[in-house]
Amino acid sequence: MNKKRKSPLWMLVPMGVIIVVLSIVLIVITLKSGNPKSEAVSASQMQNKESEGKESVKENKSDSKDTKDAARAEPGETDTGPAEIYVSSDIPQKVKDKVKSMSLEEKAAQLFFVTPEDITQVDVATVAGEDTKKAYEQYPVGGIVYFSQNIQGPEQLRGMLEKTQDYAEEIAGVPVFLGVDEEGGEVSRVAGNTNFSVTRYESMRAIGDSKDTSQAYDVGKTLASYLKELGFNIDFAPNADVITNSGNTVIGNRSFGEDPQLVADMTSQVVRGLQDNGVSACLKHFPGHGGTVEDSHEGRAYTDKTLEEMEEKELVPFKEGIKAAPDFIMAGHISIPKSLGDNTPASLSEKVLTGLLRDQYGYDGIIITDALNMKAVSGVYSPAEASVKAILAGADMLLMPDDFRAAYNGVLEAVEEGGLSEERIDASVERILRLKMEKYHYS
(Lines give C-alpha, C1' and ligand atoms only; values in the text may rest on other atoms or scores of the structure.)
Protein backbone atom coordinates (compact mmCIF):
# COMPACT_ATOMS: atom_id res chain seq x y z
CA MET A 1 0.00 0.00 0.00
CA ASN A 2 1.51 3.34 -1.07
CA LYS A 3 1.85 6.14 1.53
CA LYS A 4 1.50 9.79 0.52
CA ARG A 5 4.87 11.66 1.03
CA LYS A 6 4.74 14.63 3.27
CA SER A 7 6.21 17.92 1.96
CA PRO A 8 9.30 19.33 3.81
CA LEU A 9 8.41 21.99 6.36
CA TRP A 10 10.35 24.74 4.56
CA MET A 11 8.13 24.25 1.52
CA LEU A 12 5.16 25.19 3.65
CA VAL A 13 6.68 28.58 4.52
CA PRO A 14 5.51 31.38 2.25
CA MET A 15 8.18 32.52 -0.24
CA GLY A 16 7.91 36.14 0.88
CA VAL A 17 8.98 35.23 4.41
CA ILE A 18 12.02 33.35 3.09
CA ILE A 19 13.11 36.36 1.07
CA VAL A 20 12.83 38.65 4.10
CA VAL A 21 14.88 36.29 6.30
CA LEU A 22 17.63 35.93 3.68
CA SER A 23 17.81 39.72 3.31
CA ILE A 24 18.27 40.16 7.06
CA VAL A 25 21.05 37.54 7.10
CA LEU A 26 22.86 39.29 4.26
CA ILE A 27 22.65 42.65 6.03
CA VAL A 28 24.08 41.17 9.25
CA ILE A 29 26.97 39.54 7.35
CA THR A 30 27.75 42.82 5.60
CA LEU A 31 27.80 44.78 8.86
CA LYS A 32 30.09 42.23 10.54
CA SER A 33 32.56 42.23 7.66
CA GLY A 34 32.89 46.02 8.00
CA ASN A 35 33.79 45.99 11.69
CA PRO A 36 37.26 44.37 11.43
CA LYS A 37 38.25 47.04 8.90
CA SER A 38 37.27 49.78 11.32
CA GLU A 39 39.06 48.03 14.15
CA ALA A 40 42.22 47.63 12.06
CA VAL A 41 42.29 51.33 11.28
CA SER A 42 41.85 52.17 14.94
CA ALA A 43 44.64 49.78 15.93
CA SER A 44 46.93 51.33 13.35
CA GLN A 45 46.19 54.80 14.65
CA MET A 46 46.76 53.69 18.22
CA GLN A 47 50.04 52.06 17.28
CA ASN A 48 51.19 55.29 15.67
CA LYS A 49 50.46 57.15 18.89
CA GLU A 50 52.25 54.57 21.00
CA SER A 51 55.30 54.07 18.80
CA GLU A 52 57.02 57.46 18.78
CA GLY A 53 60.70 56.82 18.30
CA LYS A 54 60.03 53.35 16.76
CA GLU A 55 59.48 52.26 13.17
CA SER A 56 56.35 54.05 11.91
CA VAL A 57 53.43 51.96 10.64
CA LYS A 58 51.60 52.67 7.42
CA GLU A 59 48.71 55.08 7.88
CA ASN A 60 45.51 55.55 5.85
CA LYS A 61 46.16 57.85 2.93
CA SER A 62 43.17 59.86 4.08
CA ASP A 63 44.72 60.53 7.49
CA SER A 64 45.77 64.15 7.94
CA LYS A 65 49.46 65.00 8.25
CA ASP A 66 50.50 65.37 11.87
CA THR A 67 53.51 67.09 13.40
CA LYS A 68 55.67 64.00 13.05
CA ASP A 69 55.07 63.85 9.30
CA ALA A 70 55.87 67.53 8.88
CA ALA A 71 59.09 67.15 10.84
CA ARG A 72 60.26 64.01 9.05
CA ALA A 73 59.16 64.44 5.46
CA GLU A 74 60.71 66.63 2.80
CA PRO A 75 58.56 67.26 -0.28
CA GLY A 76 59.50 64.97 -3.12
CA GLU A 77 61.72 62.74 -0.98
CA THR A 78 61.28 59.24 0.35
CA ASP A 79 60.85 59.35 4.12
CA THR A 80 63.42 57.26 5.95
CA GLY A 81 61.28 57.23 9.11
CA PRO A 82 62.12 57.53 12.79
CA ALA A 83 64.56 55.14 14.37
CA GLU A 84 63.82 52.80 17.20
CA ILE A 85 64.95 54.40 20.42
CA TYR A 86 68.56 53.43 21.07
CA VAL A 87 69.01 53.25 24.84
CA SER A 88 72.53 52.84 26.21
CA SER A 89 72.75 49.91 28.62
CA ASP A 90 75.40 51.18 31.03
CA ILE A 91 73.90 54.45 32.24
CA PRO A 92 74.84 54.98 35.92
CA GLN A 93 71.96 55.40 38.35
CA LYS A 94 73.10 58.91 39.30
CA VAL A 95 72.70 59.92 35.66
CA LYS A 96 69.22 58.38 35.41
CA ASP A 97 68.21 60.16 38.62
CA LYS A 98 69.47 63.47 37.28
CA VAL A 99 67.55 63.06 34.02
CA LYS A 100 64.35 62.20 35.93
CA SER A 101 64.71 65.39 37.96
CA MET A 102 64.91 67.61 34.86
CA SER A 103 62.04 69.36 33.13
CA LEU A 104 61.33 68.78 29.46
CA GLU A 105 62.68 72.26 28.72
CA GLU A 106 65.96 71.53 30.52
CA LYS A 107 66.38 68.22 28.73
CA ALA A 108 65.65 69.72 25.32
CA ALA A 109 68.27 72.44 25.94
CA GLN A 110 70.92 69.79 26.61
CA LEU A 111 70.55 68.54 23.03
CA PHE A 112 71.90 71.79 21.57
CA PHE A 113 75.53 72.74 20.92
CA VAL A 114 75.49 76.41 19.90
CA THR A 115 77.62 79.56 19.72
CA PRO A 116 77.66 81.97 22.68
CA GLU A 117 75.95 84.51 20.41
CA ASP A 118 73.03 82.11 19.89
CA ILE A 119 72.01 82.28 23.54
CA THR A 120 73.16 85.80 24.47
CA GLN A 121 72.06 87.55 21.24
CA VAL A 122 75.17 89.79 21.30
CA ASP A 123 77.04 90.50 18.06
CA VAL A 124 80.34 88.98 19.20
CA ALA A 125 80.93 87.30 22.57
CA THR A 126 84.39 87.77 24.08
CA VAL A 127 83.50 87.82 27.79
CA ALA A 128 81.11 85.91 30.04
CA GLY A 129 79.29 88.17 32.49
CA GLU A 130 75.81 88.67 33.86
CA ASP A 131 74.28 88.62 30.38
CA THR A 132 75.77 85.17 29.79
CA LYS A 133 74.52 83.95 33.16
CA LYS A 134 71.01 85.27 32.53
CA ALA A 135 70.97 83.72 29.05
CA TYR A 136 72.14 80.36 30.38
CA GLU A 137 69.41 80.40 33.03
CA GLN A 138 66.88 80.63 30.22
CA TYR A 139 68.67 78.24 27.86
CA PRO A 140 70.93 75.76 29.73
CA VAL A 141 72.34 74.28 26.52
CA GLY A 142 74.46 71.16 26.43
CA GLY A 143 77.42 72.73 24.65
CA ILE A 144 78.90 76.00 23.42
CA VAL A 145 81.29 76.20 20.48
CA TYR A 146 83.77 79.05 19.99
CA PHE A 147 85.24 80.49 16.81
CA SER A 148 88.10 82.82 15.93
CA GLN A 149 85.97 85.90 16.61
CA ASN A 150 85.55 84.82 20.24
CA ILE A 151 89.25 84.18 20.78
CA GLN A 152 91.50 87.19 21.48
CA GLY A 153 94.22 85.99 23.83
CA PRO A 154 95.05 83.44 26.56
CA GLU A 155 93.81 85.38 29.59
CA GLN A 156 90.66 86.61 27.87
CA LEU A 157 89.76 83.14 26.61
CA ARG A 158 90.61 81.37 29.85
CA GLY A 159 88.49 83.81 31.86
CA MET A 160 85.51 83.56 29.52
CA LEU A 161 85.50 79.76 29.52
CA GLU A 162 86.01 79.49 33.28
CA LYS A 163 83.10 81.79 34.05
CA THR A 164 80.85 80.02 31.55
CA GLN A 165 81.65 76.68 33.12
CA ASP A 166 80.96 78.05 36.61
CA TYR A 167 77.59 79.38 35.49
CA ALA A 168 76.66 76.03 33.97
CA GLU A 169 77.50 74.08 37.12
CA GLU A 170 75.64 76.58 39.28
CA ILE A 171 72.53 76.72 37.08
CA ALA A 172 72.25 73.23 35.57
CA GLY A 173 74.17 71.21 38.13
CA VAL A 174 76.29 69.63 35.37
CA PRO A 175 79.16 70.94 33.23
CA VAL A 176 78.65 72.44 29.81
CA PHE A 177 80.64 71.14 26.85
CA LEU A 178 83.01 73.88 25.67
CA GLY A 179 84.14 73.03 22.15
CA VAL A 180 86.37 74.31 19.39
CA ASP A 181 87.57 73.27 15.92
CA GLU A 182 91.26 72.66 16.53
CA GLU A 183 92.29 70.06 13.96
CA GLY A 184 95.88 71.22 13.60
CA GLY A 185 96.79 72.83 10.29
CA GLU A 186 94.30 74.88 8.30
CA VAL A 187 91.42 74.62 10.79
CA SER A 188 92.87 75.82 14.09
CA ARG A 189 90.94 78.50 15.96
CA VAL A 190 93.50 78.85 18.76
CA ALA A 191 96.78 78.11 16.95
CA GLY A 192 95.60 80.36 14.14
CA ASN A 193 95.81 83.32 16.52
CA THR A 194 99.36 84.64 16.89
CA ASN A 195 98.61 85.76 20.45
CA PHE A 196 98.90 82.13 21.55
CA SER A 197 102.29 80.45 21.98
CA VAL A 198 101.29 76.93 20.98
CA THR A 199 102.57 74.28 18.60
CA ARG A 200 101.46 74.81 15.01
CA TYR A 201 101.14 72.13 12.34
CA GLU A 202 101.44 72.49 8.60
CA SER A 203 98.58 70.07 7.91
CA MET A 204 97.28 66.67 8.85
CA ARG A 205 98.19 65.53 5.35
CA ALA A 206 101.84 66.16 6.25
CA ILE A 207 101.41 63.97 9.34
CA GLY A 208 99.81 61.27 7.21
CA ASP A 209 102.61 61.43 4.66
CA SER A 210 105.10 60.64 7.43
CA LYS A 211 103.31 57.29 7.95
CA ASP A 212 104.42 57.56 11.58
CA THR A 213 101.39 57.00 13.80
CA SER A 214 103.30 58.15 16.88
CA GLN A 215 103.27 61.62 15.34
CA ALA A 216 99.49 61.45 15.19
CA TYR A 217 99.31 60.55 18.87
CA ASP A 218 101.59 63.49 19.65
CA VAL A 219 99.25 65.79 17.70
CA GLY A 220 96.34 64.74 19.89
CA LYS A 221 98.41 65.03 23.06
CA THR A 222 99.69 68.49 22.12
CA LEU A 223 96.27 69.82 21.15
CA ALA A 224 94.77 68.52 24.40
CA SER A 225 97.54 70.02 26.52
CA TYR A 226 96.78 73.62 25.57
CA LEU A 227 93.03 73.24 25.00
CA LYS A 228 92.46 71.78 28.45
CA GLU A 229 94.62 74.46 30.08
CA LEU A 230 92.48 77.13 28.42
CA GLY A 231 89.23 75.50 29.56
CA PHE A 232 88.02 73.53 26.55
CA ASN A 233 86.81 69.96 27.05
CA ILE A 234 85.78 69.07 23.47
CA ASP A 235 87.87 69.24 20.29
CA PHE A 236 85.99 68.72 17.04
CA ALA A 237 88.84 66.61 15.69
CA PRO A 238 90.24 64.47 14.15
CA ASN A 239 89.12 64.53 10.54
CA ALA A 240 88.53 60.91 9.52
CA ASP A 241 87.68 61.61 5.88
CA VAL A 242 89.52 59.61 3.22
CA ILE A 243 90.19 61.54 0.02
CA THR A 244 88.66 59.39 -2.71
CA ASN A 245 87.87 62.21 -5.14
CA SER A 246 90.72 64.35 -6.41
CA GLY A 247 88.25 67.18 -6.97
CA ASN A 248 87.50 67.43 -3.26
CA THR A 249 88.59 70.82 -1.90
CA VAL A 250 86.41 71.24 1.21
CA ILE A 251 88.48 68.59 3.04
CA GLY A 252 91.76 68.64 1.12
CA ASN A 253 94.86 68.64 3.36
CA ARG A 254 92.71 68.38 6.47
CA SER A 255 92.63 64.66 5.68
CA PHE A 256 95.51 62.33 6.47
CA GLY A 257 95.39 61.04 2.88
CA GLU A 258 93.92 58.60 0.36
CA ASP A 259 94.83 55.30 2.03
CA PRO A 260 91.84 54.17 4.17
CA GLN A 261 93.92 52.12 6.59
CA LEU A 262 96.50 54.87 7.03
CA VAL A 263 93.75 57.41 7.74
CA ALA A 264 92.19 54.92 10.19
CA ASP A 265 95.47 54.41 12.04
CA MET A 266 96.21 58.13 12.20
CA THR A 267 92.77 59.21 13.37
CA SER A 268 92.66 56.49 16.03
CA GLN A 269 95.93 57.75 17.46
CA VAL A 270 94.76 61.37 17.51
CA VAL A 271 91.64 60.23 19.40
CA ARG A 272 93.80 58.47 21.98
CA GLY A 273 96.18 61.41 22.25
CA LEU A 274 93.33 63.81 22.94
CA GLN A 275 91.35 61.65 25.34
CA ASP A 276 94.35 60.31 27.25
CA ASN A 277 95.05 63.94 28.09
CA GLY A 278 91.62 65.10 29.20
CA VAL A 279 89.86 66.40 26.08
CA SER A 280 87.07 64.58 24.25
CA ALA A 281 87.64 63.77 20.58
CA CYS A 282 85.12 63.87 17.74
CA LEU A 283 85.56 61.74 14.61
CA LYS A 284 84.15 63.56 11.58
CA HIS A 285 82.39 63.65 9.07
CA PHE A 286 80.51 60.31 9.16
CA PRO A 287 80.06 58.45 6.81
CA GLY A 288 82.85 60.27 4.92
CA HIS A 289 83.16 63.60 3.12
CA GLY A 290 86.27 62.79 1.09
CA GLY A 291 84.44 61.53 -1.98
CA THR A 292 82.31 64.61 -2.61
CA VAL A 293 83.06 67.55 -4.88
CA GLU A 294 80.43 69.87 -3.43
CA ASP A 295 80.79 71.81 -0.18
CA SER A 296 77.93 71.15 2.27
CA HIS A 297 78.43 74.68 3.63
CA GLU A 298 77.08 75.97 0.32
CA GLY A 299 74.50 73.36 -0.67
CA ARG A 300 73.88 69.68 -1.24
CA ALA A 301 76.97 67.45 -1.17
CA TYR A 302 76.58 64.12 -2.93
CA THR A 303 78.41 60.85 -3.27
CA ASP A 304 77.70 58.56 -6.22
CA LYS A 305 78.60 55.52 -4.13
CA THR A 306 76.32 53.24 -2.14
CA LEU A 307 76.95 52.67 1.55
CA GLU A 308 78.17 49.19 0.65
CA GLU A 309 80.74 50.69 -1.71
CA MET A 310 81.75 53.23 0.95
CA GLU A 311 82.58 50.30 3.26
CA GLU A 312 85.68 49.69 1.12
CA LYS A 313 87.25 53.11 1.77
CA GLU A 314 85.33 56.02 3.29
CA LEU A 315 83.90 54.09 6.23
CA VAL A 316 87.11 52.28 7.22
CA PRO A 317 88.47 55.04 9.53
CA PHE A 318 85.15 55.23 11.36
CA LYS A 319 84.86 51.47 11.86
CA GLU A 320 88.45 51.35 13.11
CA GLY A 321 88.23 54.64 14.98
CA ILE A 322 85.30 53.44 17.08
CA LYS A 323 87.73 50.95 18.66
CA ALA A 324 89.56 53.96 20.14
CA ALA A 325 86.26 54.92 21.87
CA PRO A 326 85.83 58.54 20.70
CA ASP A 327 83.39 60.42 22.92
CA PHE A 328 81.75 61.99 19.85
CA ILE A 329 81.15 61.18 16.21
CA MET A 330 79.98 63.99 13.94
CA ALA A 331 77.47 63.15 11.21
CA GLY A 332 78.07 64.97 7.94
CA HIS A 333 75.44 66.35 5.57
CA ILE A 334 76.38 64.04 2.71
CA SER A 335 73.56 62.78 0.48
CA ILE A 336 73.77 59.11 -0.54
CA PRO A 337 70.89 58.75 -3.01
CA LYS A 338 71.92 55.31 -4.26
CA SER A 339 71.46 53.86 -0.77
CA LEU A 340 68.84 56.16 0.76
CA GLY A 341 66.67 56.48 -2.32
CA ASP A 342 66.50 60.26 -1.97
CA ASN A 343 68.58 63.31 -1.13
CA THR A 344 68.24 63.13 2.65
CA PRO A 345 71.56 64.16 4.25
CA ALA A 346 73.26 61.40 6.24
CA SER A 347 72.95 63.59 9.35
CA LEU A 348 69.16 63.27 9.14
CA SER A 349 68.97 59.64 8.07
CA GLU A 350 67.84 56.84 10.37
CA LYS A 351 69.45 54.28 8.08
CA VAL A 352 72.85 55.95 8.50
CA LEU A 353 72.82 57.07 12.14
CA THR A 354 70.89 54.27 13.82
CA GLY A 355 70.98 51.44 11.29
CA LEU A 356 74.67 51.75 10.42
CA LEU A 357 76.47 53.67 13.16
CA ARG A 358 74.55 52.33 16.16
CA ASP A 359 73.24 48.91 15.18
CA GLN A 360 75.90 47.69 12.75
CA TYR A 361 79.03 49.38 14.10
CA GLY A 362 77.98 49.31 17.76
CA TYR A 363 78.85 52.94 18.55
CA ASP A 364 77.51 53.95 21.99
CA GLY A 365 78.92 57.47 22.33
CA ILE A 366 77.39 60.81 21.45
CA ILE A 367 76.31 61.40 17.85
CA ILE A 368 76.37 65.09 16.98
CA THR A 369 75.31 66.62 13.68
CA ASP A 370 77.58 68.84 11.65
CA ALA A 371 76.47 72.49 11.80
CA LEU A 372 72.79 72.63 10.88
CA ASN A 373 73.14 76.15 9.53
CA MET A 374 75.01 74.76 6.52
CA LYS A 375 73.07 75.19 3.29
CA ALA A 376 72.88 71.44 2.69
CA VAL A 377 70.36 71.46 5.57
CA SER A 378 69.20 75.05 6.14
CA GLY A 379 68.54 75.52 2.42
CA VAL A 380 66.01 72.68 2.51
CA TYR A 381 64.59 72.35 6.03
CA SER A 382 63.40 74.83 8.62
CA PRO A 383 65.41 74.90 11.90
CA ALA A 384 62.62 73.02 13.67
CA GLU A 385 62.23 70.42 10.91
CA ALA A 386 65.96 69.75 10.72
CA SER A 387 66.31 69.42 14.49
CA VAL A 388 63.37 67.06 14.95
CA LYS A 389 64.35 65.01 11.91
CA ALA A 390 67.93 64.62 13.23
CA ILE A 391 66.72 63.46 16.64
CA LEU A 392 64.29 60.97 15.10
CA ALA A 393 67.14 59.66 12.94
CA GLY A 394 69.32 59.03 16.01
CA ALA A 395 71.39 62.17 16.65
CA ASP A 396 72.03 63.10 20.29
CA MET A 397 73.22 66.69 19.85
CA LEU A 398 72.33 69.39 17.35
CA LEU A 399 75.18 71.66 16.31
CA MET A 400 74.41 75.28 15.46
CA PRO A 401 70.90 75.28 13.97
CA ASP A 402 70.20 78.23 11.71
CA ASP A 403 67.87 79.71 14.34
CA PHE A 404 68.50 78.26 17.79
CA ARG A 405 65.30 79.54 19.41
CA ALA A 406 63.12 78.29 16.56
CA ALA A 407 64.85 74.89 16.68
CA TYR A 408 64.54 74.63 20.48
CA ASN A 409 60.85 75.56 20.42
CA GLY A 410 60.31 73.19 17.52
CA VAL A 411 61.63 70.26 19.57
CA LEU A 412 59.35 71.16 22.49
CA GLU A 413 56.34 71.48 20.21
CA ALA A 414 57.11 68.14 18.56
CA VAL A 415 57.00 66.45 21.97
CA GLU A 416 53.83 68.23 23.02
CA GLU A 417 52.06 67.39 19.75
CA GLY A 418 53.16 63.76 19.61
CA GLY A 419 55.73 63.87 16.82
CA LEU A 420 58.63 63.12 19.15
CA SER A 421 58.57 61.16 22.40
CA GLU A 422 60.09 62.37 25.64
CA GLU A 423 61.62 58.89 26.01
CA ARG A 424 63.62 59.53 22.84
CA ILE A 425 64.97 62.78 24.30
CA ASP A 426 65.77 61.05 27.60
CA ALA A 427 67.92 58.46 25.82
CA SER A 428 70.13 61.17 24.32
CA VAL A 429 70.30 63.25 27.49
CA GLU A 430 71.42 60.16 29.40
CA ARG A 431 74.38 59.72 27.03
CA ILE A 432 75.24 63.42 27.25
CA LEU A 433 75.12 63.50 31.05
CA ARG A 434 76.96 60.19 31.35
CA LEU A 435 80.00 61.79 29.73
CA LYS A 436 79.64 65.06 31.62
CA MET A 437 79.12 63.57 35.05
CA GLU A 438 81.78 60.88 34.78
CA LYS A 439 84.51 62.79 32.93
CA TYR A 440 83.92 66.51 33.42
CA HIS A 441 82.04 66.93 36.68
CA TYR A 442 84.39 69.50 38.14
CA SER A 443 82.43 70.05 41.34
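The values are calculated or read from the model by the stated rules, or taken from the named source; none is laboratory data. Predicted, not measured: the structure shown is a model, and the values here were computed from it. Using ideal geometry, Cβ is built from the backbone for each residue, glycine included, and neighbour counts are taken over all protein chains shown.
In this structure, Asp218 does not satisfy being surrounded by fewer than 16 Cβ atoms within 10 Å (Cβ to Cβ), among the charged types (D, E, K, R) and part of a helix (DSSP H, G or I). From the list Gly410, Gly419, the lone residue that is part of a loop (DSSP other than H, G, I, E, B) and either crowded, with 17+ Cβ neighbours inside 10 Å or at positive phi (or both) is Gly419.
Screening the stretch 183-210 for residues that are of a type outside the set (Gly, Ala, Ser) and more than 20 Å from Asp241 (Cβ to Cβ) and picking the one that is surrounded by the most Cβ atoms within 10 Å (Cβ to Cβ) gives Val190. Quick check on the stretch 317-339: of everything there that is in contact (Cβ under 8 Å) with a residue 40 or more places away in the chain and in a helix (DSSP H, G or I), which residue is surrounded by the fewest Cβ atoms within 10 Å (Cβ to Cβ)? It comes out as Lys323.
In the set (1) closer than 23 Å to Asp181 by Cα; (2) crowded, with 23+ Cβ neighbours inside 10 Å, Met400 fails one condition alone, (2).
No other residue among Asn248, Asn253, Asn193 is touching a residue at least 60 places away in the same chain (Cβ under 8 Å), polar (S, T, N, Q) and in contact with a Ser or Thr (Cβ under 8 Å, 6 or more places away or on another chain) apart from Asn253. Kindly establish whether Glu423 is more than 25 Å from Glu170 (Cβ to Cβ), touching a Gly at 6+ places or on another chain (Cβ under 7 Å) and modelled with pLDDT of 95 or more. Taking the combined requirement at face value, the residue satisfies it. Quick one: would you say Lys284 is of a type in the set (D, E, K, R), in contact (Cβ under 8 Å) with a residue 60 or more places away in the chain and crowded, with 24+ Cβ neighbours inside 10 Å? When the stated conditions are applied, Lys284 passes them. Restricting the search to the stretch 132-158, which residues are farther than 30 Å from Ala216 by Cα and exposed (fewer than 15 other Cβ atoms within 10 Å of the Cβ)? Once the filter is applied, which keeps residues that are farther than 30 Å from Ala216 by Cα and exposed (fewer than 15 other Cβ atoms within 10 Å of the Cβ), the stretch 132-158 yields Lys134, Glu137, Gln138.
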